[in-house]
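One structure is given below, encoded as structure tokens.
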Amino acid sequence: MMKQIKIFALSCLTLASCTSPPKPEVTVLASDARQPAATERIYEVFGFKVPLHNLENPPKEEFEAIDELNSIMLGLFKKEYGDRGETIDGATGMRIRGTRRGVHPRSHGCVAGTLKVSSSLAAEAGLFKRGATYPVTARFSNGSPKVQGNDTSIDTRGFAMKVKNVPGKTLLGEHLGLGEEASQDFTLNSSEPFFSDNADRYRQFMKILTFESATLEEAGGKFIKKLILDGHPIIAARVTNAFLKIRAVKATTPLGINYFSITPFQFGSGADAPIVRYKIEPCRGLFNDPVTKDDPYFLRTNLKRRMAKEGACFRFKMQTRAVDKWNIEDVSVAWSQKKSPYVEIAQIHFPPQELQPEENCERTIINPWNTLADHKPVGGVNRIRLPTYVLSVQKRRETNEY
């Protein structure tokens, strides 16, 4: 299989003097032309180069895993959208003419608000400057790539946020569209830990989910069985725990649950920067809203009702990697909140409003790699997101003309 990814321990003086890998169909140009330090390690994927943190150690099988994940993603698009023609979204009434997101295609709605950074922030980095305020757009969603699903199935719930008017140059934004270079994106899910520890096993899971299963829960059962048969009982136990955590979140409104970044990120510049994870929680604590039994889209219904009446507030929190043995390459294990509690660093306020038109919500691009260098994603699951998210964006533009 052609290697589309290479890791370079750079001793050359410029990136141009290093040998580049063959370019695949999807190409993203490097957005930062600075010269790397002589000992800096660079991760190159689909023509895009990003520096590795000193704690990152990509395994060799990650190369083939990303290759196959892109093939799985293209297969998913064909299966979900290729032969359907125009369809009507059951929850929103929106006409669907092309491809939607590879993951989290089912939207509950998009809302606008403000992120205000704490004035008592212990340490500043990137957009997190004491007292800084930014406009944001948040998108609430279901995690399953099965676009015809609804809110009655066991699933992860997503909170994706675009922070706007961000000063500084982002790693990827200018390649996502006009204006994206001035934004910073965050993506979070309703439970932690994650149900895969590395890129290769995430590839295995996505293959099962896309081609062998009707629901996330069915795919989880098959994946766990495969892990046991393949001789990975410890990983199987962790994955089982992750799916139990997903099942335990009994959400009736997107505004009443916690969300976790699950994957780690830098908080500051350089290959030795602190590593953190994020959490977003309702300011008023966890809560539920009434559900009508015959409403398969109750999460959107309750989001729309509560946003129109009173808006919402979330606390944006950060957990710092405090123990050396906490492996940033394995996100199947949550970090102990006793040893490193989540600390509030900002609040997000959404005033009362109507949900944004679903066509506008669908066009909103939210990518964890649309980021300042100070908030760079790290670890294997984040690395595989770079090409797959870009592929998703380009496929959507190709078929939807936006």
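Assigned to a strand (DSSP E or B) and either farther than 15 Å from Ser261 by Cβ or β-branched (Val, Ile, Thr) (or both), is that true of Thr152? In short, no. On the stretch given as region 360-378, residues that are more than 13 Å from Arg139 (Cβ to Cβ) and over 13 Å from the mean Cα position of the chain (by Cα) total 4.
Residues that are within 30 Å of Gly93 (Cα to Cα), open to solvent by less than 50 Å² (accessible area, probe 1.4 Å), of a type in the set (A, V, I, L, M, F, W, C) and in contact (Cβ under 8 Å) with a residue 40 or more places away in the chain do not occur anywhere in region 374-383.
Within the span defined as region 230-241, every residue fails to be within 23 Å of Asn367 (Cβ to Cβ) and modelled with pLDDT of 95 or more. The set of residues from region 220-279 being open to solvent by 70 Å² or more (accessible area, probe 1.4 Å), without any contact (Cβ under 8 Å) to a residue 40 or more places away in the chain and not in a loop (DSSP other than H, G, I, E, B) comprises Lys222, Lys225, Lys226, Ile228, Leu229, Pro233, Ile234, Leu244.
For (1) of a type in the set (Lys, Arg); (2) modelled with pLDDT of 95 or more; (3) touching a Leu at 6+ places or on another chain (Cβ under 7 Å), each residue gets a yes or a no:
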{"residue": "Ala138", "(1), (2), (3)": "no, yes, no"}
{"residue": "Ile154", "(1), (2), (3)": "no, no, yes"}
{"residue": "Leu171", "(1), (2), (3)": "no, no, no"}
{"residue": "Asp185", "(1), (2), (3)": "no, yes, no"}
{"residue": "Ser190", "(1), (2), (3)": "no, yes, no"}
{"residue": "Met206", "(1), (2), (3)": "no, no, yes"}
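Across region 24-66, the qualifying residues are those that are of a type in the set (Phe, Trp, Tyr) and not in a strand (DSSP E or B), and the one among them that is modelled with the lowest pLDDT is Phe46. The set of residues from region 196-219 being open to solvent by 20 Å² or more (accessible area, probe 1.4 Å) and not β-branched (Val, Ile, Thr) comprises Asn198, Asp200, Arg201, Tyr202, Arg203, Gln204, Lys207, Phe211, Glu212, Ala214, Glu217, Glu218.
Results for (1) outside any loop (DSSP other than H, G, I, E, B); (2) of a type outside the set (Lys, Arg), shown as yes or no for each residue.
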residue: Glu68; (1), (2): yes, yes
residue: Ser71; (1), (2): yes, yes
residue: Gly75; (1), (2): yes, yes
residue: Glu80; (1), (2): yes, yes
residue: Arg100; (1), (2): no, no
residue: Val103; (1), (2): no, yes
residue: Cys110; (1), (2): yes, yes
residue: Thr114; (1), (2): yes, yes
residue: Ala123; (1), (2): no, yes
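Arg321 meets all of the listed conditions (1) in contact with an Asp or Glu (Cβ under 8 Å, 6 or more places away or on another chain); (2) surrounded by 17 or more Cβ atoms within 10 Å (Cβ to Cβ); (3) farther than 30 Å from Glu86 by Cβ but one, namely (1). Pairs are defined by a Cβ separation below 9 Å, a sequence spacing of at least 6 or placement on different chains, a first member in region 38-58 that is touching a residue at least 12 places away in the same chain (Cβ under 8 Å) and over 13 Å from Leu171 (Cβ atoms), and a second member that is assigned to a strand (DSSP E or B) and among the polar types (S, T, N, Q); the pairs so defined are His53/Gln266. For region 107-122, taking the residues that are under 29 Å from Met94 (Cα atoms) and β-branched (Val, Ile, Thr), the one that is most open to solvent (accessible area, probe 1.4 Å) is identified as Thr114. Evaluating Lys162 against the criteria (1) outside any loop (DSSP other than H, G, I, E, B); (2) modelled with pLDDT under 95 leaves one unmet condition, (2).
With respect to (1) over 28 Å from Pro58 (Cβ atoms); (2) open to solvent by less than 10 Å² (accessible area, probe 1.4 Å); (3) in a loop (DSSP other than H, G, I, E, B), the lone exception for Cys361 is condition (3).
The values are calculated or read from the model by the stated rules, or taken from the named source; none is laboratory data. All values reported here derive from a predicted model rather than from experimental measurement. Ideal geometry is used to build each Cβ from the backbone, glycine not excepted, and the neighbour counts take in all protein chains shown. Heavy atoms of the whole protein, side chains included, go into the accessibility calculation; ligands, DNA and RNA do not. Shrake-Rupley method; radii C 1.70, N 1.55, O 1.52, S 1.80 Å.
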